[in-house]
Every structure is written in C-alpha cells, then in structure tokens.
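Report on one structure; see the data block that follows.
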Amino acid sequence: MTAIDPTAHLSAEQIEELGRELDAIRDEVIAARGEKDAAYIRKVISAQRKLELASRGILLFSFFPPAWIIGTAGLSVAKIMDNMEIGHNILHGQWDWMRDPKIHSTTWEWDHVSPSEQWKHSHNELHHTYTNVIGKDNDLGYGIMRVDEDQRWHPFHLGQPLWNFLNACFFEYGIAAYDLELGKNLHKRRRNNPEFRARARAVGRKIRKQVLKDYVIHPLLSGPSFLTTLAATFTANLVRNVWTHSVIMCGHFPEGVQVFERRSIKGETRGQWYLRQMMGSANISGSKAMHFMTGNLSHQIEHHLFPDLPSNRYAEVAVKVRALFEKYELDYVTGPLPKQVFSAWHKVFRLSLPNKKPKVKTPDREQELAAA
C-alpha cells in the first residue's frame with residue numbers, strides 16, 4: 001500500500017502473460033522431478049535423525065562443558081533442520097508426488113508445539129492464499145504488530161519491538177497461539193465453541209508431548225547431567241525459535257516489500273495472484289549452507305510462487321524468476337541476512353511510532369484499515 005504502485009506500469013495483458021511464463025517454469029520443474037529429488041529429501045531426513053540422536057547422546061554427559069557445547073550446537077541444528085528444510089516443506093506437500101506414506105503432508109508430524117493439521121490450515125490455506133493482505137494474512141505481524149503506515153496507530157504499538165522480541169524467543173508457542181486465532185477466539189462466546197475447544201485440546205496434547213520429550217524424559221535419562229541437559233534443550237529450542245523467526249521476518253517484512261488492502265484482491269486473476277506473491281516477498285542471499293539452514297526459504301519469492309515445488313529446486317528456479325523481474329521491470333527485493341534482519345527490525349521500530357504526517361483516507365479505506 002505504498003503511495004506509488006510499483007506495478008502500475010504493467011498492463012492487464014502483461015500481467016497475464018507474466019502468469020503464463022511462471023506457469024511454464026512450474027510445469028518444467030514438475031516434469032523433471034524424480035529419483036534425484038527423492039534421494040535428496042531421504043538423505044536430509046536421515047542426516048537430521050542421526051544428528052539429533054548423536055547430539056542427545058552427547059548431552060547425556062553434558063555436565064562436561066565441551067559435551068554441553070557440542071551437544072547443544074548439534075541439537076540446535078537438528079531442530080532447525082526438522083522445522084525448516086524437512087517439516088515445513090513436507091507439510092507443504094512438496095514431496096507428496098513420491099507417494100511415500102512416511103514422507104507425506106497427510107502423515108508427517110514435526111518437532112513443534114503446533115499440530116501439523118492446524119499449521120497447514122493457517123499457513124498453507126490462509127497465509128499463502130492471502131499473502132500480505134492486511135486483515136486476511138495472520139502471518140503479517142502475527143496480530144501483534146502494525147505493519148503499514150496507513151494502519152491506525154494505537155499506544156499499544158509502542159511495545160511492538162518488545163512483543164516481536166518475545167515472539168522470536170518463544171516462536172513455536174506464538175505460532176500455536178495464532179493457529180488457534182486466540183485473539184478472536186478468547187471471547188466468551190467463541191471460547192465455548194466446540195470446534196475451537198477441540199483444536200485447543202489438540203494443541204494442549206502436542207505441548208505436553210513436546211515438554212515431556214524435551215524437558216522430562218531426555219534430562220532424566222541424563223542422570224547426573226539432568227540440569228545441564230535441561231538447559232541445553234531449552235537453549236536449542238531458543239536458537240531454533242529465533243532463527244526461524246528471523247528467516248520468516250526477512251521473507252515478508254523488510255523495507256521494499258508490499259502489503260495489500262483486502263479490496264485489492266477482489267476478482268484477482270492467476271496472473272495478479274502471482275504478481276502479489278512477487279511483490280509481497282523478499283529473499284536472502286548467501287551460501288548453499290545458509291540456504292539449506294533456512295529450509296530454502298531464503299528463496300521466499302520462489303517459494304511463494306511455487307509452494308509445492310521441491311525446495312532443492314528453488315535455487316535453479318530463482319535464476320528464471322529473477323530474469324522475469326528484470327523483463328517486467330519489477331524490484332527483486334533481496335540481500336544478505338544481516339541486511340534483511342536490520343531492515344525488518346527497522347520497520348518494526350518505525351511503525352511502532354505514530355506517523356509524522358497523517359494521511360488522508362477515504363471513509364471506506366479508513367474502515368477497512370481499522371478493522372485490520
């Protein structure tokens with residue numbers, strides 16, 4: 001919702017032609033995926049499980065400082081791998097074409113307090129459908145932050161840097177809360193809704209399972225290393241949460257990424273949907289290792305264009321997608337991780353303050369933004 005529309009130079013015909021070119025890229029990858037891709041994800045899953053088992057084994061002796069450091073680092077990486085390159089992408093259905101019941105979006109459960117079924121609804125069905133649409137995409141600010149200058153400012157927003165920091169530290173719990181849409185469901189009438197209560201019980205069961213595994217069983221198995229193993233597991237979860245939050249923030253919140261009003265998507269065509277994904281996402285540049293540790297969500301633009309393509313294909317797809325940005329004279333928002341993190345946090349702080357000069361809005365627009 002910037003003052004100048006960065007896509008205003010495109011005609012309706014050009015937008016639909018862009019959509020057809022993106023469809024062609026997707027079709028090409030789908031036709032080419034095969035055993036090499038299947039071997040990749042099986043190798044990643046195997047490596048993650050071995051790393052987690054080895055790290056937990058080392059932490060049995062975590063009262064020795066070197067064992068604590070090595071075990072904690074290994075467990076942190078294993079948890080990141082489970083959430084990012086494995087869990088997130090399997091739950092997107094990226095590997096359903098393999099028809100392997102063990103690696104399928106309908107059967108996979110991840111190392112996360114949010115049940116996979118609830119996450120798939122809030123993420124796959126809502127976030128990816130309504131990317132960066134204020135009032136429709138709950139990922140945009142997670143319901144606790146002001147994300148655009150045109151949104152009405154309230155004193156509550158002064159605290160959004162703190163809210164965002166706390167959300168980063170306990171990100172998996174924040175995701176579980178927003179999957180439940182607690183903000184609107186805690187009202188008395190909705191709180192007693194049978195569907196909401198069933199979903200809340202499912203989250204409660206998942207939290208108990210995760211807490212039992214990480215903070216009871218594994219520390220107890222460590223015997224004299226109980227407290228140090230407990231601290232190591234907490235640290236690994238903290239590292240995973242902060243890393244995941246940072247990657248997600250860099251994908252949709254840096255300066256230059258567009259947000260949209262709800263009325264802008266009425267009657268949206270496929271070409272216009274593609275264009276919104278392109279303008280509402282940002283990438284992170286870096287090494288192959290960095291891309292892997294982000295679950296290839298460093299290619300956030302490509303992921304939002306093609307969320308069900310195998311993640312190991314995003315790097316090759318990015319070359320073709322960037323060429324289309326240049327062809328249609330669009331801004332491909334990307335940068336190294338420190339730059340994108342700084343940009344996202346700068347925006348969080350900037351929007352925590354009231355606008356210096358209030359903008360003139362039509363009554364309809366004012367009503368829509370207030371509702372968001």
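Here are the numbers for this structure:
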read-out: Qualifying helices (runs of 4 or more DSSP H) (wholly inside the stretch 286-333; at least 1 residues being in contact (Cβ under 8 Å) with a residue 60 or more places away in the chain, more than 17 Å from the chain's Cα centre (by Cα) and crowded, with 19+ Cβ neighbours inside 10 Å); value: 314-327
read-out: Residue match in the stretch 270-280 (condition: among the hydroxyl-bearing types (Ser, Thr, Tyr) and open to solvent by 10 Å² or more (accessible area, probe 1.4 Å)); value: no
read-out: Conditions (1) assigned to a helix (DSSP H, G or I); (2) free of Cβ contacts under 8 Å to residues at least 12 places away in the same chain: number failed by residue 106; value: (1)
read-out: Residue check, residue 42 closer than 15 Å to residue 95 by Cβ and open to solvent by 50 Å² or more (accessible area, probe 1.4 Å); value: yes
read-out: Residue among 133, 211 that is among the β-branched types (Val, Ile, Thr) and either free of Cβ contacts under 8 Å to residues at least 12 places away in the same chain or on the phi > 0 side of the Ramachandran plot (or both); value: 211
read-out: Candidates 215, 173 - the one that is assigned to a helix (DSSP H, G or I), farther than 30 Å from residue 254 by Cβ, modelled with pLDDT of 85 or more and open to solvent by 20 Å² or more (accessible area, probe 1.4 Å); value: 215
read-out: Complete set of residues in the stretch 334-343 that are open to solvent by less than 50 Å² (accessible area, probe 1.4 Å) and not β-branched (Val, Ile, Thr); value: 335, 337, 340, 343
read-out: Pick from the stretch 127-161, criterion surrounded by fewer than 18 Cβ atoms within 10 Å (Cβ to Cβ) and in a helix (DSSP H, G or I), ranking: nearest to the chain's Cα centre (by Cα); value: 143
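The values are calculated or read from the model by the stated rules, or taken from the named source; none is laboratory data. Note that the coordinates shown come from a computational prediction; the quantities given were computed from them, not determined experimentally. Neighbour counts run over all protein chains shown; Cβ positions are idealised from the backbone, glycine included. Side chains included, ligands, DNA and RNA excluded: accessible areas come from the protein's heavy atoms. Shrake-Rupley method; radii C 1.70, N 1.55, O 1.52, S 1.80 Å.
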